[in-house]
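> One structure, as structure tokens, below. Some questions next.
The values are calculated or read from the model by the stated rules, or taken from the named source; none is laboratory data. Predicted, not measured: the structure shown is a model, and the values here were computed from it. Every residue, glycine as well, gets a Cβ built from its backbone with ideal geometry; the counts of neighbours run over all protein chains shown.
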Amino acid sequence: MSQPPEDPAPHSTGPPDRQTLRLLERYLSSDSLIAETAFDPDSYEPRLLRGLLDAGRYPDTVTAARLDIRWFTTGDFSVHYVEEHEDGIHWECRWDWHPNAHNTRLHFHKPPSATEITDLELPSLHPLEVYSTILTAIEQRIETLWSSQ
């Protein structure tokens, strides 16, 4: 299983924003795409929110999919999407807002490997707007997977 990336810049992002992680968990847990949510290490001191997507929404070639969300009190965030395929391949991408040396603060790690990075524009950096943008992108990805069958 592909592991979520380490905190993008742990000394500059600030502490986890537990209130925002809990808000996002409430939205994820009520979304029909999400089968299960979990906090790491736990709900009392969350540093990571994981959303496991409903594998039944995907073609059989996708065996699992998840979102790993980190949100910090500075407003920095990292949202990592990973699909696991039956052939062992991981298809992944990541939306980030954090200080870095490779791109603008707001950037996107492109699929399929999340290694190529491009600058990104979002209409808003509010957590619920970012959530909505990303879930829409995932829905489009699922449609693309089905249409390529």
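> How many residues, within segment 98-128, are within 17 Å of Phe72 (Cβ to Cβ) and touching a Leu at 6+ places or on another chain (Cβ under 8 Å)?
Residues flagged as within 17 Å of Phe72 (Cβ to Cβ) and touching a Leu at 6+ places or on another chain (Cβ under 8 Å) within segment 98-128 amount to 6.
> Quick check on this structure: which one of Ser43, Ser132 is within 14 Å of the chain's Cα centre (by Cα), within 15 Å of Glu25 (Cα to Cα) and surrounded by fewer than 17 Cβ atoms within 10 Å (Cβ to Cβ)?
Ser132
> What tally of residues in segment 111-149 results from selecting those that are of a type outside the set (A, V, I, L, M), within 19 Å of Ala64 (Cα to Cα) and modelled with pLDDT of 95 or more? Write out each step before concluding.
Here is the first cut: in segment 111-149, the ones of a type outside the set (A, V, I, L, M) are 111-113, 115-116, 118-119, 121, 123-124, 126-127, 129, 131-133, 136, 139-141, 143-144, 146-149.
Filter once more, keeping what is within 19 Å of Ala64 (Cα to Cα): 111-113, 136, 139-141, 143-144, 146-149.
Subset that is modelled with pLDDT of 95 or more: 111-113, 136, 139-141, 143-144, 146-147.
Qualifying residue count, segment 111-149: 11.
> Just checking, which of Leu23, Leu28 is over 22 Å from Lys110 (Cα atoms), surrounded by 14 or more Cβ atoms within 10 Å (Cβ to Cβ) and touching a Gly at 6+ places or on another chain (Cβ under 8 Å)?
Sole residue among the options that is over 22 Å from Lys110 (Cα atoms), surrounded by 14 or more Cβ atoms within 10 Å (Cβ to Cβ) and touching a Gly at 6+ places or on another chain (Cβ under 8 Å): Leu28.
> Only residues that are in contact (Cβ under 8 Å) with a residue 40 or more places away in the chain and out of contact with any helix residue (DSSP H, G or I) (no Cβ under 8 Å at 6 or more places or on another chain): list them for segment 125-136, please.
Leu125, Val130, Ile134, Leu135
> Would you mention how many residues in segment 32-62 are aromatic (Phe, Trp, Tyr), modelled with pLDDT of 95 or more and closer than 11 Å to Arg22 by Cα?
Looking only at that region, the number is 1.
> Considering only residues that are touching a Phe, Trp or Tyr at 6+ places or on another chain (Cβ under 9 Å) and not basic (Lys, Arg), which ones fall in segment 35-49? Reasoning before the result, please.
Narrowing segment 35-49 to residues touching a Phe, Trp or Tyr at 6+ places or on another chain (Cβ under 9 Å): 45-49.
Once the filter is applied, which keeps residues that are touching a Phe, Trp or Tyr at 6+ places or on another chain (Cβ under 9 Å) and not basic (Lys, Arg), segment 35-49 yields Glu45, Pro46, Leu48, Leu49.
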